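A.B. asks: Below you'll find the structure I mean.
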Amino acid sequence: MHEGHRQRMIERLRSDPNGLKDHEILEVLLFYTIPRRNTNPIAHALIEGFGSLDAVMRGTYDQFLAIEGIGPFTANFLVGLTRLYSRLMGLDVYIEEAEPEPEVFNAREFSKHLPERFHEEETECIEFYCIDECGRVAFTKRIQSNEEDRAVVAAELIGDFVAMQHPHGLIAAHNHPGASSLPSSSDDLFTVRLCLLCELHGVRFYDHFIVGKDGLFSYYSSGKLEDMRHTYNIDAILGEEK
């Protein structure tokens, strides 16, 4: 089904390699490890997850596995590419000497990026942002909600994702299409679960944003996140004093 498209992409690579977009380069590379699937959505997911082609070339095995459609064989292939790219370009040295990027966890600054990411969504979806020790976004994963009208994701799925990525910190964001950004009771429950899951895995939970037609709600800025941390924590559940 995809043979004609694949052949056209390979011919474009030969005739005009500089004319290929970043995701198209990845799409062609994935032909050789994913022979019978459309690799275009996977290539897009890589760019969206890491933020850029350059960031993809710094990815890790576990981060690649978190991308839907990528299995161990392809993850190993991509890790080999990242090591080759880093050595040829001297990026290992460059990364160590580069000036650190501004910290992203500033609710006001970080939230500027969210409305654009969700503005075309007609149903609720959830994004998780893995934060490194310097406060930068290292990896992004979008998960479609299990229900159309509210953010619901199985705790097991989130737990597996956090355990696999094991980021320094985590930020969550989801949308209320055509509705207020104010959280519902189910949003509160979902946030409590995120707090507990992060605590169990030793990950700092920074914030949960909700994007609505009237703007954006931040659990951190509103003070609700601190109240939840005080009320719902592992010691409290086990009956132990903090």
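A.B. asks: Look at Arg142 and say whether it is within 16 Å of Tyr206 (Cα to Cα) and modelled with pLDDT of 80 or more.
C.D. replies: Numbers: within 16 Å of Tyr206 (Cα to Cα): no; modelled with pLDDT of 80 or more: yes.
In short, no.
A.B. asks: In region 1-21, which residues are under 14 Å from Thr39 (Cβ atoms) and either touching a residue at least 40 places away in the same chain (Cβ under 8 Å) or in a helix (DSSP H, G or I) (or both)?
C.D. replies: Glu3, His5, Arg6, Gln7, Arg8, Met9, Ile10, Leu13
A.B. asks: Give me the residue from region 93-137 that is at pLDDT 80 or above and aromatic (Phe, Trp, Tyr) and, out of that set, farthest from Pro167 (Cα to Cα).
C.D. replies: Per the criteria, the residue is Phe118.
A.B. asks: For the subset of region 165-197 comprising residues that are assigned to a helix (DSSP H, G or I) and among the hydrophobic types (A, V, I, L, M, F, W, C), which member is surrounded by the fewest Cβ atoms within 10 Å (Cβ to Cβ)?
C.D. replies: The first filter runs over region 165-197 and keeps only residues assigned to a helix (DSSP H, G or I), leaving 165, 185-197.
Now narrow it down to the ones that are among the hydrophobic types (A, V, I, L, M, F, W, C): 189-190, 192, 194-197.
Numbers: Leu189: 13, Phe190: 23, Val192: 16, Leu194: 26, Cys195: 20, Leu196: 19, Leu197: 19.
So the residue we want is Leu189.
A.B. asks: Now for a separate question. When region 20-73 is examined, which residues are found to be out of contact with any His (no Cβ under 9 Å at 6 or more places or on another chain) and of a type in the set (Ser, Thr, Tyr)?
C.D. replies: Tyr32, Thr33, Ser52, Thr60, Tyr61
To keep it simple, each residue is scored yes or no on (1) under 19 Å from Phe161 (Cα atoms); (2) surrounded by 12 or more Cβ atoms within 10 Å (Cβ to Cβ); (3) assigned by TED's automatic domain parsing to the domain that holds Ala163; (4) modelled with pLDDT of 85 or more.
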| position | (1), (2), (3), (4) |
| --- | --- |
| Gly19 | no, no, no, yes |
| His23 | no, yes, no, yes |
| Glu48 | yes, yes, no, no |
| Gly51 | yes, yes, no, no |
| Val56 | yes, yes, no, yes |
| Tyr61 | yes, yes, no, yes |
| Ile70 | yes, yes, no, yes |
| Asn76 | yes, yes, no, yes |
| Gly90 | no, no, no, no |
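A.B. asks: Right, another one. Can you tell me which residue among Leu225, Leu200 is at pLDDT below 90, part of a helix (DSSP H, G or I) and within 21 Å of Ile131 (Cα to Cα)? Walk me through how you get there before you give the answer.
C.D. replies: Numbers: Leu225 fails: at pLDDT below 90.
It is Leu200.
The values are calculated or read from the model by the stated rules, or taken from the named source; none is laboratory data. Keep in mind it's a predicted model, so treat the numbers as computed, not measured. Don't worry about glycine lacking a Cβ; one is built from the backbone with ideal geometry, like all the others, and counts go over all protein chains shown.
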